[in-house]
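The values are calculated or read from the model by the stated rules, or taken from the named source; none is laboratory data. Given the structure is predicted, the values throughout are model-derived calculations rather than measurements. Reconstructed Cβ throughout: ideal geometry from the backbone, glycine too, with neighbour counts over all protein chains shown.
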Amino acid sequence: MPARFARQLAALGFRCEPLLLSDAEEANHLPPHHRDPMDRMLIATALRAGLTIITNDSIFPVCGAKTVW
């Protein structure tokens, strides 16, 4: 990510959260409501880090993730 873009995101209060191996393991244990592997990773990461996901996908809250949109 270019440093300038990273600074702009940080100034707006955004942060980049790493994807961890434990997130992948947790994604495999989520209920089968969502079949998209990347979405499952986002959900697992958000649950671990206590983050809110910006999405209008109605399945995310069913999996326990906080969402806004």
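Listed values, structure above:
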read-out	value
Test: residue in the range 20-31 that is out of contact with any His (no Cβ under 8 Å at 6 or more places or on another chain), within 16 Å of K66 (Cβ to Cβ), surrounded by 11 or more Cβ atoms within 10 Å (Cβ to Cβ) and not charged (D, E, K, R)	yes
Qualifying residue in the range 9-18 (condition: among the aromatic types (F, W, Y) and touching an Asp or Glu at 6+ places or on another chain (Cβ under 9 Å))	no
Scan of the range 41-69 for residues that are of a type in the set (A, V, I, L, M, F, W, C), in contact with a helix residue (DSSP H, G or I) (Cβ under 9 Å, 6 or more places away or on another chain) and over 17 Å from L21 (Cα atoms), ordered by number	L51, I53, I59, F60, C63, A65
Any hit, the range 40-63, residues being on the phi > 0 side of the Ramachandran plot and either aliphatic (A, V, I, L, M) or over 14 Å from the mean Cα position of the chain (by Cα) (or both)	no
In the range 29-54, the residues that are modelled with pLDDT under 95 and among the polar types (S, T, N, Q)	T52
Scope the range 32-69; condition of a type in the set (V, I, T), farther than 26 Å from A3 by Cα and surrounded by 12 or more Cβ atoms within 10 Å (Cβ to Cβ); matching residues	I43, I59, V62, T67
